[in-house]
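Each remark here refers to the structure printed beneath this line.
The values are calculated or read from the model by the stated rules, or taken from the named source; none is laboratory data. All figures in this text were calculated on a predicted structure; none of them were measured in a lab. Every residue, glycine among them, receives a Cβ derived from its backbone with ideal geometry; neighbour counts consider all protein chains shown. Please note that ligands, DNA and RNA were not included when accessible areas were found on the heavy atoms of the full protein model with its side chains. Shrake-Rupley method; radii C 1.70, N 1.55, O 1.52, S 1.80 Å.
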Amino acid sequence: MRFNFDIAESTEDDSRRSLTPKEDVQWVPLQNHPVFTTTADGGGTAATASASAGGVRNLLAWDGASRLYYWDSNQQCLHRISIRLGEPDPTSVVAASPSKVLRADKELNFVVNKISINRNGSALLLAGSDDLCVMYLYGRSSTKENAIVCRTVSIGSQVYSSDSSAIRILQVSWHPYSDTHVGILSSDSVFRLFDLSSAVVQPEQEYYLQPVEPGRSRNAASICPVDFSFGGDHLWDRFSVFVLFSDGSVYILCPVVPFGSVYKWESILEIYSDAHTFGLKSAKSAAVNNSNMAISWLEATFPEVAQEATDRENLSTIKAHSHALFDASLALQGPLHKVCHGGEDEDLAVRGAECEGRAVSFLYNLVSKDSILVTAWSGGQLQIDALADEIQPVWITGSAPRLRVDSFDHIRGIAMICESIPAEHSIVKLDQPLDNTVWLGHPPPLLRLAIVDLALPRKTEGSSLITMFADPLMPERIYSLHEGGVDSIVLHFLPFTSQINGKDENIKTPSVHPVLSTCQGETSSSSPSPLSGFASLSDSFGYSWVVVVTSTQECVVLEMKTWNLLLPIQIDKEKPIDMEQQKEKDTPDIISKELLSGPKSVLAPQASPNLRSISADSIEGRSALHQYFKLFHENYVEYAHKVYFELKHHGPQLKRIIDDQHARLDEAQQKILRVEAKQPMLDERIDRAVQRHNSLEQRLQRLRRLPGAHKKPLSRAEREFKSELDQFTGVELDALRSSIDTLRARLKRYTKSSKDNVTTQRRKIPGRNHAQDAQISQLKSSLEKLSLLNSESTKKVELVESAIKTMESSKNKTILS
């Protein structure tokens with residue numbers, strides 16, 4: 001029996017705030033809820049337009065218990081739907097109707113592309129590409145027009161939502177160990193961490209990402225971030241932030257800890273003892289230095305680890321204090337290279353050979369002891385890797401961060417520049433000993449598990465956008481949400497988990513299953529219907545569901561199978577299949593084998609030597625005959641009765657089998673007749689195909705005799721140059737334009753603030769600040785150089801395109817002549 005408690009539905013306060021307070025609550029299937037059915041006919045026009053402009057969106061969120069939230073783009077409101085999992089039958093999902101309507105207390109001047117709820121279900125993020133708000137679902141609120149008006153606050157309004165700002169929000173996510181901290185990655189290559197409980201305007205932590213040294217970038221895509229993800233509950237992964245750049249490179253920031261976040265005491269003690277065991281006792285000075293910095297950081301961030309054992313016996317959780325090293329900043333570890341077996345190309349150590357386009361999204365997924373990194377490419381491929389080593393914190397000494405303190409000298413905010421260490425960019429080999437990697441500051445290598453091609457339809461106007469989600473019930477399953485629908489990818493091989501479980505098995509490729517397709521037809525010209533919401537539901541009984549909402553606000557609920565999904569069919573190729581045994585196994589038993597083997601052989605009783613001389617009428621003869629007759633009756637007569645009963649009992653079954661065989665024979669004869677009828681048509685089609693093949697062969701021979709057909713293939717240098725041109729036209733120009741827009745926004749904001757500061761200083765002290773003028777002139781010169789570089793690159797591309805067009809036109813003229 002299942003129990004579902006919905007406290008808010010039964011309280012008088014919520015009943016007064018309900019959209020229809022006097023109506024009784026009705027439980028209907030979730031896919032038939034009025035929120036999704038009333039506007040499915042023509043209410044999704046605005047949603048479809050915004051989806052086509054902004055790509056894949058997700059306007060659906062689940063609090064992990066009994067409430068589902070959906071943002072209505074047409075009505076600009078949030079629907080709170082109470083749901084019950086597994087009622088009335090274990091495989092269904094029902095929802096309460098009507099739903100509660102929540103509205104923001106301020107006007108939202110941006111298009112919401114994503115909503116996300118925190119762990120305790122008290123706040124919900126409304127994220128767009130150029131603005132971000134948080135809606136508090138409880139606390140102070142009011143009722144207006146039969147809706148609950150919730151307090152809504154803009155996050156980072158000075159950075160993201162200003163009119164002159166060109167900074168775009170690339171990704172936003174709640175921190176997994178805090179209900180009040182939000183991480184934001186923006187187009188200006190800055191990762192910011194906001195504490196909503198203290199200040200929503202100013203970030204608590206800022207990390208300026210600089211993956212390459214200034215002036216040494218080979219392409220613009222290597223400095224344009226795309227996505228980020230927080231780590232999971234495993235060693236130093238819980239303090240890590242993974243950042244993906246447009247060229248597919250992945251970097252790590254560690255340690256990043258929100259002030260006041262709560263962690264398990266056993267987890268902190270585990271990494272503290274690990275630093276003492278493997279770091280301080282190492283024979284290399286670099287490992288000792290890195291472990292000393294990590295231990296000092298742990299003791300300052302979590303002071304309880306340095307206390308006596310008697311003072312920390314009853315600790316179950318521990319709270320992080322605000323702390324930062326005064327003379328060091330975090331290193332941007334990466335890019336992560338895959339483990340090489342020797343002789344592999346260094347250029348393929350970061351990017352897979354089968355991946356096309358640019359990187360569009362990233363997912364970190366913790367499965368038992370394995371940290372899985374999934375990178376989605378615009379060409380429709382998923383690059384699945386696993387961390388082959390543990391993450392350790394790395395600092396760069398001599399680069400002091402900027403600190404913001406209060407009147408009590410407590411740290412309230414930090415900002416630092418995170419640079420990568422060029423010396424660490426080396427290919428990792430499998431035969432390296434453990435002492436060469438532990439606590440030396442090297443980024444962990446990647447073990448390539450698979451590259452999955454989703455076979456998405458080719459798009460001429462742009463690239464495919466893919467969003468990925470992990471299944472909360474079965475972490476081995478990953479959902480990929482794209483414009484063509486939803487796919488499920490199940491991992492069957494996990495290196496560390498399989499090793500711990502004692503399984504010595506080879507790498508198994510992941511299995512891909514289509515969950516939902518939004519294409520209207522099988523032709524390539526049919527445009528798919530974009531999706532606007534996705535959520536994965538699960539209960540404590542092991543049932544799992546997928547909820548998908550289309551751009552026309554149609555809801556689809558699908559039950560997902562979990563049992564035996566991780567056990568693929570295994571065929572023993574070495575053991576041949578015996579067809580006779582298979583036939584015997586498949587053939588049902590008509591008569592038991594006991595009867596077919598005949599009557600049991602019975603040993604005759606021991607007779608006296610003079611039995612032949614005994615008369616049958618004598619007493620001894622009669623006794624012997626009676627004994628022989630009794631044995632014959634017990635064995636042979638009873639066996640005959642059993643045979644008769646079996647034949648009589650199985651007569652109808654034999655008749656059914658014979659009738660079935662006759663029916664199958666008639667069906668086979670009909671199929672043979674149909675094949676014979678189609679045979680002349682097939683012969684005619686084969687003859688036409690042969691004639692067509694001969695004509696094409698003759699045409700090919702004529703084309704080969706043309707003068708331009710014997711041109712030499714492109715050399716290796718020419719192929720590399722062509723790939724660089726394709727990469728430049730596809731990614732680099734967009735990256736340069738984005739960088740120029742970001743620099744212009746920074747320059748405008750800095751110029752405005754500097755003018756205000758100069759005006760204030762002139763009122764106080766006459767004179768001029770030459771340092772600020774020098775910085776402004778330096779920024780202007782950098783902007784002019786970038787503009788000049790962009791114009792020169794555009795001219796080069798135009799020259800190459802004109803040359804290609806000239807060559808094609810001359811080739812066509814030669815063919816025609």
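For segment 151-176, what are the residues that are surrounded by fewer than 19 Cβ atoms within 10 Å (Cβ to Cβ), part of a loop (DSSP other than H, G, I, E, B) and not basic (K, R)? Answer for segment 151-176, where residues must be surrounded by fewer than 19 Cβ atoms within 10 Å (Cβ to Cβ), part of a loop (DSSP other than H, G, I, E, B) and not basic (K, R): S157, Q158, S162, D163, S164, A166, P176.
Criterion first (modelled with pLDDT under 75 and not in a loop (DSSP other than H, G, I, E, B)) does A735 satisfy it? When the stated conditions are applied, A735 passes them.
Applying the set (1) modelled with pLDDT of 85 or more; (2) at positive phi to G343 leaves exactly one unmet item: (1).
Of the numbered criteria (1) outside any helix (DSSP H, G or I); (2) touching a helix residue (DSSP H, G or I) at 6+ places or on another chain (Cβ under 7 Å); (3) modelled with pLDDT of 90 or more, the one S291 fails is (1). The single condition among (1) part of a loop (DSSP other than H, G, I, E, B); (2) within 22 Å of the chain's Cα centre (by Cα) that V243 does not meet is (1).
When I271 is tested against the conditions (1) surrounded by 17 or more Cβ atoms within 10 Å (Cβ to Cβ); (2) in contact with a strand residue (DSSP E or B) (Cβ under 8 Å, 6 or more places away or on another chain), the lone failure is (2).
Taking the options L78, L85, name whichever one is touching a Leu at 6+ places or on another chain (Cβ under 9 Å), at pLDDT 55 or above and closer than 30 Å to G542 by Cβ. Outline the logic, then answer.
Details: L78 fails: closer than 30 Å to G542 by Cβ.
Answer to the check: L85.
Here is the figure for segment 99-132: residues that are touching a residue at least 40 places away in the same chain (Cβ under 8 Å), part of a loop (DSSP other than H, G, I, E, B) and buried (at least 20 other Cβ atoms within 10 Å of the Cβ) total 5.
Restricting to segment 177-190, what's the tally of residues that are under 21 Å from the mean Cα position of the chain (by Cα) and assigned to a strand (DSSP E or B)? Even if it seems obvious, please write down each step before you answer.
Let us first name the residues in segment 177-190 that are under 21 Å from the mean Cα position of the chain (by Cα), namely 177, 182-186.
Next, only the ones that are assigned to a strand (DSSP E or B) stay: 182-186.
The number of residues fulfilling the criteria is 5.
Taking segment 518-576 as the range and being open to solvent by 100 Å² or more (accessible area, probe 1.4 Å) and at pLDDT 70 or above as the test, the residues that pass are S540, F541, K561.
Just one of the numbered conditions (1) part of a helix (DSSP H, G or I); (2) at pLDDT 70 or above is not true of K712; which one? Failing condition for K712: (1).
Among the residues of segment 246-268, those that are assigned to a helix (DSSP H, G or I) and in contact with a strand residue (DSSP E or B) (Cβ under 7 Å, 6 or more places away or on another chain) comprise W265, I268. Check whether at least one residue in segment 302-323 is of a type in the set (S, T, N, Q), part of a strand (DSSP E or B) and open to solvent by 40 Å² or more (accessible area, probe 1.4 Å), and report yes or no. Looking through segment 302-323, at least one residue is of a type in the set (S, T, N, Q), part of a strand (DSSP E or B) and open to solvent by 40 Å² or more (accessible area, probe 1.4 Å).
Condition first: surrounded by fewer than 23 Cβ atoms within 10 Å (Cβ to Cβ) and either touching a Gly at 6+ places or on another chain (Cβ under 6 Å) or not in a strand (DSSP E or B) (or both). Now tell me which residues in segment 217-230 satisfy that. Selection gives S217, R218, N219, S222, I223. Check segment 792-810 and report whether any residue there is at pLDDT below 65 and either surrounded by 12 or more Cβ atoms within 10 Å (Cβ to Cβ) or outside any helix (DSSP H, G or I) (or both). No, segment 792-810 contains no residue that is at pLDDT below 65 and either surrounded by 12 or more Cβ atoms within 10 Å (Cβ to Cβ) or outside any helix (DSSP H, G or I) (or both). Selection of segment 665-689 for residues being among the hydrophobic types (A, V, I, L, M, F, W, C) and surrounded by 10 or more Cβ atoms within 10 Å (Cβ to Cβ) yields L665, A668, I672, L673, V675, L682, I686, A689.
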